[in-house]
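See structure below.
All of the numbers you see were taken from the coordinates with simple rules; none came from a lab. Predicted model, so just to flag it, every value in this text is computed and none were measured. Here the Cβ positions follow ideal geometry from the backbone for every residue, glycine too, while neighbour counts run over all protein chains shown.
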Amino acid sequence: MSSPGEYITHHLTDWCVGCGPHNQPQGLFDLGAFTIDLLLVAFACAIVIALVVRYLNSRLSMENPGRLQLAFETAIEYTSEQISEVFPRFNHYVGAMALTIFVWALLMNLMDLVPIDLPPTIAEGIGHLLGFKQVFFRQVPTAALDTPFAMATVVFVMMVTYQVRANGIGGYLKHFMVHPYGKFALPFNVITVLIEDVSKPVSLALRLFGNMFAGELIFALLALLSYASLQPVSPDAAIWMPLHLIGGMVWSLFDLLIAVLQAFIFAVLTVVYLGMAQQPNH
């Protein structure tokens, strides 16, 4: 990597199997491309959550609960309150799903706080030992389109499921035909309802992706303060490296807030959208 542009490109390129010659998918929907780095990190975060929950479950105590147990109980209580305001009858499945989405998205978002050069350097070293000439690795799954859209797609499928349960197949299809302009404007009704329904998961995915991608990009730009002064080594490094350190610490605090907020928004909107979907059409 001889230039800042190559440095940024390297950090924003996935380890992709089945991609084209430039290590990019062939189009927006390339079903033959698999971003291995994002899958590995996402599964690792899921395994960490499962281990923590199993550890917590084995040490539950009514008389002397620990801090971790209290934190989870607070999160469960808040989730239950939100669901009770949206659903006429409490839905344990949606509560568990919303809480899982929040914790999983939060943990993936927090991977942005890992030093940006550390995971790619480790992956590159392992890759060279295995005979790979060039290795790419991104550590924030939610900073790529794949993960947020996969999560939003699950939410969309559940929305349709709840709409069908609440209204039946006939009522669900009738909603497309007569809402919102009446039965004599069928083509406009179908287009409007499609836009209304599809915009919900799309906005969910793009909101999460946009915020986390911006955070990842800013960390890469801050890293350039040190990278540029070390390629080659110059006296300016005495100025730019401390600025990189200070800037990175300050942005880490903002990024931590963004990571928590975006995971919270995704989970809450999931509950709201599912609550709207299970309302009968009139």
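Before moving on, here are some points about what is shown:
- The C-alpha atoms of the chain define a longest principal axis, and helix 67-86 lies at about 40 degrees to it.
- Nearest 10 degrees, 0 to 90: helix 92-110 Cα axis against the chain principal axis: 20
- Against the main long axis of the alpha-carbon atoms of the chain, helix 36-58 sits at an angle near 70°.
- The value of relative contact order for the chain, using C-alpha pairs under 8 Å at least six residues apart, is 24 percent.
- Farthest toward the positive end of the dipole of segment 4-277, out of ALA223, ILE126, TYR172, is the Cα of TYR172, where the dipole comes from beta carbon charges about the Cα centre.
- Of all the options GLY95, GLY170, GLY127, the one that moves most in a Gaussian network model of the chain with Cα springs shorter than 10 angstrom is GLY170.
- Within the chain, CYS45 have no other Cys Cβ under 4.7 Å of their Cβ and so lack a disulfide-compatible partner by this rule.
- When its C-alpha radius of gyration is set against 2.2 N^0.38 Å (N residues), segment 4-277 gives a value of 1.21.
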